[in-house]
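The values are calculated or read from the model by the stated rules, or taken from the named source; none is laboratory data. Quantities reported herein were computed from a predicted structural model and do not represent experimental measurements. In this analysis, Cβ positions are derived from the backbone assuming ideal geometry, glycine residues included, and neighbour counts consider all displayed protein chains. Remember, those area values only see protein heavy atoms, side chains included, never the ligands or the DNA or RNA. Shrake-Rupley method; radii C 1.70, N 1.55, O 1.52, S 1.80 Å.
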Amino acid sequence: AQVSLQLFREKKRLEEIATIRGIAPTTVLAHLETALEQGEALDVSHLTFPSVERFQLIARAFQTIGGTALSPVRASLGEAYSFDELRLVRFILKAKGRL
(Lines give C-alpha, C1' and ligand atoms only; values in the text may rest on other atoms or scores of the structure.)
Protein backbone atom coordinates (compact mmCIF):
# COMPACT_ATOMS: atom_id res chain seq x y z
CA ALA A 1 0.00 0.00 0.00
CA GLN A 2 2.88 2.37 0.75
CA VAL A 3 4.33 1.85 -2.73
CA SER A 4 0.95 2.66 -4.30
CA LEU A 5 0.76 5.78 -2.17
CA GLN A 6 4.26 6.91 -3.14
CA LEU A 7 3.59 6.40 -6.86
CA PHE A 8 0.31 8.29 -6.54
CA ARG A 9 2.16 11.19 -4.91
CA GLU A 10 4.46 11.17 -7.94
CA LYS A 11 1.31 12.05 -9.94
CA LYS A 12 1.01 8.67 -11.62
CA ARG A 13 -2.45 7.62 -12.82
CA LEU A 14 -4.18 4.67 -11.17
CA GLU A 15 -3.71 2.53 -14.27
CA GLU A 16 0.01 3.34 -14.38
CA ILE A 17 0.43 2.39 -10.72
CA ALA A 18 -1.46 -0.85 -11.31
CA THR A 19 0.77 -1.73 -14.27
CA ILE A 20 3.97 -0.92 -12.41
CA ARG A 21 2.88 -2.95 -9.40
CA GLY A 22 1.22 -5.79 -11.30
CA ILE A 23 -2.08 -5.33 -9.47
CA ALA A 24 -5.59 -4.25 -10.45
CA PRO A 25 -6.50 -0.54 -10.51
CA THR A 26 -9.23 -1.29 -7.95
CA THR A 27 -6.55 -2.58 -5.58
CA VAL A 28 -4.59 0.64 -6.02
CA LEU A 29 -7.74 2.60 -5.27
CA ALA A 30 -8.33 0.50 -2.15
CA HIS A 31 -4.78 1.30 -0.99
CA LEU A 32 -5.38 5.01 -1.52
CA GLU A 33 -8.76 4.95 0.23
CA THR A 34 -7.13 3.27 3.21
CA ALA A 35 -4.48 6.00 3.26
CA LEU A 36 -7.23 8.65 3.31
CA GLU A 37 -8.97 6.89 6.19
CA GLN A 38 -5.67 6.91 8.08
CA GLY A 39 -5.48 10.69 7.73
CA GLU A 40 -3.23 11.04 4.68
CA ALA A 41 -3.90 14.15 2.61
CA LEU A 42 -3.92 13.28 -1.07
CA ASP A 43 -3.86 15.61 -4.05
CA VAL A 44 -6.23 14.18 -6.66
CA SER A 45 -5.87 17.03 -9.15
CA HIS A 46 -4.03 14.81 -11.64
CA LEU A 47 -6.87 12.26 -11.81
CA THR A 48 -9.24 12.52 -14.72
CA PHE A 49 -12.75 11.21 -15.08
CA PRO A 50 -13.97 10.42 -18.61
CA SER A 51 -17.15 12.50 -18.36
CA VAL A 52 -17.66 15.59 -16.23
CA GLU A 53 -21.42 15.10 -16.53
CA ARG A 54 -21.26 11.50 -15.24
CA PHE A 55 -18.92 12.56 -12.42
CA GLN A 56 -21.32 15.29 -11.31
CA LEU A 57 -24.32 12.97 -11.48
CA ILE A 58 -22.56 10.34 -9.34
CA ALA A 59 -21.34 12.99 -6.89
CA ARG A 60 -24.88 14.34 -6.49
CA ALA A 61 -26.17 10.82 -5.89
CA PHE A 62 -23.62 10.28 -3.08
CA GLN A 63 -24.57 13.58 -1.49
CA THR A 64 -28.32 12.99 -1.83
CA ILE A 65 -28.24 9.45 -0.49
CA GLY A 66 -25.67 10.20 2.19
CA GLY A 67 -22.92 7.93 3.38
CA THR A 68 -20.27 6.24 1.30
CA ALA A 69 -21.89 2.90 0.42
CA LEU A 70 -21.74 2.07 -3.28
CA SER A 71 -24.82 -0.15 -3.61
CA PRO A 72 -27.46 2.50 -2.76
CA VAL A 73 -25.85 4.93 -5.22
CA ARG A 74 -25.78 2.31 -7.96
CA ALA A 75 -29.38 1.37 -7.24
CA SER A 76 -30.42 4.99 -7.65
CA LEU A 77 -28.40 5.53 -10.85
CA GLY A 78 -28.88 2.16 -12.52
CA GLU A 79 -26.65 -0.48 -14.02
CA ALA A 80 -25.27 1.90 -16.64
CA TYR A 81 -22.92 3.10 -13.89
CA SER A 82 -20.16 0.70 -12.88
CA PHE A 83 -18.96 0.11 -9.36
CA ASP A 84 -15.47 1.14 -10.56
CA GLU A 85 -16.83 4.55 -11.59
CA LEU A 86 -18.59 4.92 -8.27
CA ARG A 87 -15.44 3.99 -6.33
CA LEU A 88 -13.37 6.53 -8.22
CA VAL A 89 -15.88 9.33 -7.63
CA ARG A 90 -16.18 8.37 -3.96
CA PHE A 91 -12.38 8.48 -3.62
CA ILE A 92 -12.12 11.89 -5.28
CA LEU A 93 -14.93 13.30 -3.12
CA LYS A 94 -13.33 11.94 0.05
CA ALA A 95 -9.94 13.35 -0.90
CA LYS A 96 -11.48 16.77 -1.50
CA GLY A 97 -13.33 16.62 1.82
CA ARG A 98 -16.72 16.62 0.12
CA LEU A 99 -17.86 13.25 1.44
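Of the GluC sites (Glu not before Pro) in the range 15-87, the ones in a loop by DSSP (not H, G, I, E or B) with at most 14 other beta carbons within 10 Å are GLU40, GLU79. Summed over all non-identical Cα pairs, the Kirkwood treatment of the range 42-90 gives a radius of 11.1 Å. Applying both filters, DSSP loop and at most 15 other Cβ atoms within 10 Å, to the trypsin sites (Lys or Arg not before Pro) of the range 1-64 gives LYS11, ARG13. Solvent-accessible surface of the chain, taken per residue with a 1.4 Å probe and all protein chains present: 57 Å².
Once the Kirkwood radius over Cα pairs is known for the chain, the Stokes-Einstein relation at 20 °C and 1.002 mPa s delivers a diffusion coefficient of 155 µm²/s.
Within the accessible area of the chain, what % is carbon and sulfur when the probe is 1.4 Å and the other protein chains stay in place?
Values: 2810 of 5620 Å².
Looking at the chain in its full context, I get 50 percent from C and S.
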